[in-house]
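The values are calculated or read from the model by the stated rules, or taken from the named source; none is laboratory data. Keep in mind it's a predicted model, so treat the numbers as computed, not measured. FYI the Cβ positions are ideal-geometry reconstructions off the backbone, even for glycines, and counts take in every protein chain you see.
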Ligand SMILES: C[S@@+](CC[C@H](N)C(=O)[O-])C[C@H]1O[C@@H](n2cnc3c(N)ncnc32)[C@H](O)[C@@H]1O
């Protein structure tokens, strides 16, 4: 199957929500990966704790289909939803419905004219603030310093919503606390790239 390398999230064609709302079992904790690609991270989480529901949000439809086929074939509690996460979190989840949010290795968009395509911005942080229950955890990780710093700035500016678990304006230095790896994370570790992590709690 051919999967597009990148799509431009700012295209007007992503303005309206065209994904399928997932059926979320009541009373079952929900973990969300924003920009899940193949959802390796969520499939590994589901193998560790199959009593939760794992929702991957992804803007590339081919990957959404791939993840949902794999989840059905293996009867795992993972579901992918096609969306533009900066715009559609509120269409997918009820307020305060989510227990944990992961943003693993968001696209770096290195070129100066593409920086505005980066995913972790004020709109995304406010959106996470709406769907995350009080006490919910957020992990962001990246192997690109500028991307991690940008993400930290977006969360720190919303200190009425989120508390940095390492202290204000501080990276989390104690590694990935969840014991499973996304595909990019595995790659960064194998090639010896530094990984910048930030962790927040919804206040
Ligand atoms: C570099 S990949 C990382 C994939 C995976 N999290 C990992 O760590 O291996 C970033 C993913 O985010 C998706 N993405 C980018 N912008 C998005 C947006 N606004 N909404 C939803 N997904 C997005 C991309 O299509 C891509 O699959």
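Give just the number: which of (1) surrounded by 22 or more Cβ atoms within 10 Å (Cβ to Cβ); (2) farther than 16 Å from residue 124 by Cα; (3) over 13 Å from the mean Cα position of the chain (by Cα); (4) within 13 Å of the ligand (Cβ to nearest atom) does residue 42 not satisfy?
Tallying (1) surrounded by 22 or more Cβ atoms within 10 Å (Cβ to Cβ); (2) farther than 16 Å from residue 124 by Cα; (3) over 13 Å from the mean Cα position of the chain (by Cα); (4) within 13 Å of the ligand (Cβ to nearest atom), residue 42 fails exactly one: (3).
Kindly indicate whether residue 143 is free of Cβ contacts under 8 Å to residues at least 40 places away in the same chain and surrounded by fewer than 20 Cβ atoms within 10 Å (Cβ to Cβ).
Details: free of Cβ contacts under 8 Å to residues at least 40 places away in the same chain: no; surrounded by fewer than 20 Cβ atoms within 10 Å (Cβ to Cβ): yes.
For residue 143, the condition - free of Cβ contacts under 8 Å to residues at least 40 places away in the same chain and surrounded by fewer than 20 Cβ atoms within 10 Å (Cβ to Cβ) - is not met.
Taking only segment 53-70 into account, find how many residues are crowded, with 19+ Cβ neighbours inside 10 Å and either touching a residue at least 24 places away in the same chain (Cβ under 8 Å) or part of a loop (DSSP other than H, G, I, E, B) (or both).
Summing the residues that are crowded, with 19+ Cβ neighbours inside 10 Å and either touching a residue at least 24 places away in the same chain (Cβ under 8 Å) or part of a loop (DSSP other than H, G, I, E, B) (or both) in segment 53-70 gives 10.
Which ones in segment 71-87 are within 13 Å of the ligand (Cβ to nearest atom), touching a strand residue (DSSP E or B) at 6+ places or on another chain (Cβ under 8 Å) and not in a loop (DSSP other than H, G, I, E, B)?
Here is the first cut: in segment 71-87, the ones within 13 Å of the ligand (Cβ to nearest atom) are 80-87.
Still in the list and also touching a strand residue (DSSP E or B) at 6+ places or on another chain (Cβ under 8 Å): 80-83, 85.
Result: 80, 81, 82, 85.
Considering segment 98-114 alone, what residues qualify as being more than 13 Å from the ligand (Cβ to nearest atom) and either in a helix (DSSP H, G or I) or in contact with a helix residue (DSSP H, G or I) (Cβ under 6 Å, 6 or more places away or on another chain) (or both)?
Those that are more than 13 Å from the ligand (Cβ to nearest atom) and either in a helix (DSSP H, G or I) or in contact with a helix residue (DSSP H, G or I) (Cβ under 6 Å, 6 or more places away or on another chain) (or both): 98, 112, 113.
Report yes if residue 177 is under 27 Å from residue 48 (Cα atoms), exposed (fewer than 14 other Cβ atoms within 10 Å of the Cβ) and in contact with a helix residue (DSSP H, G or I) (Cβ under 9 Å, 6 or more places away or on another chain), otherwise no.
No, not satisfied.
Residues in segment 18-37: is at least one within 10 Å of the ligand (Cβ to nearest atom) and assigned to a helix (DSSP H, G or I)?
The answer is no, given that none of the residues of segment 18-37 is within 10 Å of the ligand (Cβ to nearest atom) and assigned to a helix (DSSP H, G or I).
What are the residues in segment 165-202 that are more than 17 Å from the chain's Cα centre (by Cα) and under 18 Å from residue 128 (Cα atoms), if any?
165, the sole residue that qualifies.
Determine if segment 180-191 includes at least one residue that is away from the ligand (no atom under 15 Å from the Cβ) and surrounded by fewer than 11 Cβ atoms within 10 Å (Cβ to Cβ). Don't jump to the end; show me each part of the working.
As a first pass, look at segment 180-191 and keep what is away from the ligand (no atom under 15 Å from the Cβ): none.
No.
Run residue 94 past the list (1) assigned to a loop (DSSP other than H, G, I, E, B); (2) in contact (Cβ under 8 Å) with a residue 60 or more places away in the chain and report the number of the one that doesn't hold.
So residue 94 meets the others, but not (2).
Kindly list, by first and then second residue, each pair from a residue in segment 8-27 that is without any contact (Cβ under 8 Å) to a residue 24 or more places away in the chain to a residue that is within 15 Å of the ligand (Cβ to nearest atom) and in a loop (DSSP other than H, G, I, E, B), limited to pairs with Cβ atoms under 9 Å and residues at least 6 apart or on different chains.
11/84
Looking at this structure, is residue 122 surrounded by fewer than 14 Cβ atoms within 10 Å (Cβ to Cβ), within 15 Å of the ligand (Cβ to nearest atom) and either modelled with pLDDT under 95 or under 16 Å from the mean Cα position of the chain (by Cα) (or both)?
On the way: surrounded by fewer than 14 Cβ atoms within 10 Å (Cβ to Cβ): yes; within 15 Å of the ligand (Cβ to nearest atom): yes; either modelled with pLDDT under 95 or under 16 Å from the mean Cα position of the chain (by Cα) (or both): yes.
Judged against the criteria, residue 122 is a match.
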